1. Looking at the range 170-182, can you tell me whether even one residue there is at pLDDT below 85, of a type in the set (A, V, I, L, M) and more than 30 Å from D118 (Cβ to Cβ)?
Amino acid sequence: MAGLTGEPLSRVVGHMRSLREAELVIPNKGRGITAPQMAPRDAAALYCVIYASPAIQESASTLVELEKLESRPQGRTRAPRHEFYHRHHLPPVRLGLDRDHSVVDGLAAAIAFFMDEDKLRGDYEAQRGRGKKFGVYANFEIRAPEFSASLTLGVHGVHSEEWIYGRRGELDSVRTGQCTEITLRKLAACLKA
C-alpha cells in the first residue's frame, strides 16, 4: 500500500495498526500460512484513511465518519438493456452497489471487480470479436477535511456507473487521494497474491 500511495511505510503501518486496534479491519492473528489475508474491504478502508485522516491517531474516528457519508448515484447510469447481456451470454459489468452503501464498500467493490477483471475480459473479448478491446476505466477520489468522495467505473461503449459520497464543501481540499484503474489493478493484484 505504501508503494501505491507514495506514503512512508511507517505511516501506512501506523494507520493499519490503529484500525486493527479499533477492530475496524481483520485482526492480525496468526503467522505464516495461518495469517489472515487482507480483504478488499480492509484495503479500501486503509486507502481511504491514508488520505482522509489528518493523523494516525485519528484513523479509526476518520473511518467511522467516512462510513456515515451518504451515497448517491450521479448522473445517468448508462448500461445496455438486459437483453444485450442475455443475447451475448455476457455477465453484466456492475459494481452491485445498493443505495445505502458506504464509501469504503464502494471502493471495496471496485477492488473486487478488478480482482475478477481477467475473467470478464476474456468473456467480453471473445464475444466482441477480434480487435475490439475490453476497455475498463475507473476513478476514485477522496477529499478531506470536508470528507467527500467520488467513484466512477465503466466499460468503454458498454456501461458506466458513478457514485458521489457526502457533499463537497466550500473549503479547498487540504488532502486529496485519487486512483485510477491502473492503481486499482495493482491493488487487486497485491490482494490476489
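The values are calculated or read from the model by the stated rules, or taken from the named source; none is laboratory data. Only a predicted model underlies this, so the values are computations on that prediction, with no experimental measurement involved. Positions of Cβ are backbone-derived with ideal geometry, glycine not excepted, and every protein chain shown enters the neighbour counts.
1. Checking the range 170-182: at least one residue is at pLDDT below 85, of a type in the set (A, V, I, L, M) and more than 30 Å from D118 (Cβ to Cβ).
Conditions (1) modelled with pLDDT under 85; (2) not charged (D, E, K, R), marked per residue:
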position	(1), (2)
E58	no, no
T62	no, yes
E65	no, no
R81	yes, no
H86	yes, yes
H89	yes, yes
R94	yes, no
R99	yes, no
D105	no, no
